[in-house]
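Worksheet: the structure to be examined is printed underneath.
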Amino acid sequence: MSKIDERAARFLASIVETEEARIAGAVLSDYHAASAVPLISAGLLVPDGPVPAATSLTDHDDEPVSLEWSPEHQAYGYFSPAAGWVTVEEKRLQVYRIAPLALLQRLAARLDLPVKARPAERISGILWELGDVRLPGRGGRVPVWFARRLTDRDVWRQVVAYLGGRPPADFRVVVTTSATHGLAEAELSRHQIIALDDLEDHSAGLIIEPTYLAAQLKTGPVSRAADPVRHAAGFRHFWVGDREFKFSGDKRRQIVEYLFNAWEDGVESVSTEVMFADLEFKSSSRMRDIFKDHEDWRDLIEATGGSCRLRIRELLEEQRARAD
């Protein structure tokens with residue numbers, strides 16, 4: 001996978017957000033040559049046909065001129081009273097467009113998708129379904145989609161109508177090149193819209209880093225109020241019976257979710273070292289440092305002898321004893 005620097009990645013995102021997702025070769029040559037080279041090499045920008053016009057290179061600065069084919073020069077160009085025949089480089093005539101499939105495949109290159117998953121266009125040129133992704137520290141798969149031009153009012157209405165009419169069983173993530181501030185996410189229940197720029201590995205460019213995506217999620221699996229053990233808002237809130245625990249910080253929530261998933265699977269305790277490796281924490285991480293200043297984390301989590309678990313059984317028994 002070719003490397004694309006942060007500047008080129010943001011430049012491509014700006015093209016994606018234009019209505020036609022196209023850009024003139026002359027603009028690339030004059031203003032974005034350094035960014036254009038890796039984007040074209042990676043197949044993310046592809047030729048979309050020439051245009052028979054260009055900006056004058058000689059006596060009419062910044063004015064458009066019509067071009068004609070010269071059999072003698074075997075090239076397009078125009079006649080200038082001052083300079084005579086002026087040949088215009090082919091790359092300046094070319095229009096380039098975004099290659100959606102190449103872009104989506106690059107975005108999803110590191111995501112753990114089912115083997116047969118392929119990007120599927122749901123609204124022409126606007127919305128695509130990438131597939132159900134398995135993320136670090138999460139039990140079930142997360143449906144991930146991609147959208148562009150969400151700040152356009154008409155586009156937003158189309159996307160809300162489409163996704164709202166097909167609600168997810170649990171929740172759905174929409175990654176976008178659009179600016180996310182100001183979007184009325186409340187119109188899409190059980191959806192989270194995340195800016196691509198917050199998820200990219202900028203050392204490679206335009207590749208979603210799974211750990212970044214997992215850390216951004218605000219919503220966890222649905223749990224019902226009647227359940228003795230339940231959670232909400234991406235494990236910011238966790239209840240055992242009538243006891244509520246609150247967790248800020250991504251690492252804390254990831255640990256609680258990891259241990260909860262193990263508990264649901266019938267695993268009594270897990271290796272702390274293995275858990276940290278699965279969550280891609282530093283090997284030097286320590287539970288007491290991660291939960292430092294959290295007043296009651298030890299009431300919920302038992303960490304001893306290199307293993308850890310949730311104290312769900314003990315907490316429920318204590319509550320039953322008080323009730324008796």
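Quick look at the values:
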| quantity | calculated |
| --- | --- |
| Total residues in the stretch 166-179, condition within 15 Å of the chain's Cα centre (by Cα), open to solvent by less than 40 Å² (accessible area, probe 1.4 Å) and either within 20 Å of residue 21 (Cβ to Cβ) or not hydrophobic (A, V, I, L, M, F, W, C) (or both) | 6 |
| Some residue of the stretch 45-59 being at pLDDT 90 or above and crowded, with 17+ Cβ neighbours inside 10 Å | yes |
| Selection from the stretch 228-271 of residues that are farther than 24 Å from residue 316 by Cα and either over 24 Å from the mean Cα position of the chain (by Cα) or without any contact (Cβ under 8 Å) to a residue 40 or more places away in the chain (or both) | 250, 251 |
| Within the stretch 184-207, considering residues that are open to solvent by less than 30 Å² (accessible area, probe 1.4 Å) and under 23 Å from residue 160 (Cβ atoms), the one modelled with the lowest pLDDT | 188 |
| Of residues in the stretch 234-282 being on the phi > 0 side of the Ramachandran plot and touching a helix residue (DSSP H, G or I) at 6+ places or on another chain (Cβ under 9 Å), the one most open to solvent (accessible area, probe 1.4 Å) | 280 |
| Matching residues, the stretch 302-322, being in a helix (DSSP H, G or I), closer than 13 Å to residue 268 by Cβ and open to solvent by 50 Å² or more (accessible area, probe 1.4 Å) | 313 |
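The values are calculated or read from the model by the stated rules, or taken from the named source; none is laboratory data. The model shown is predicted, which means the values in this text are computed figures rather than measured ones. Note that we place each Cβ from the backbone using ideal geometry, even for glycine, and neighbour counts take in every protein chain shown. Accessible surface areas use protein heavy atoms only, side chains included; no ligands, DNA or RNA. Shrake-Rupley method; radii C 1.70, N 1.55, O 1.52, S 1.80 Å.
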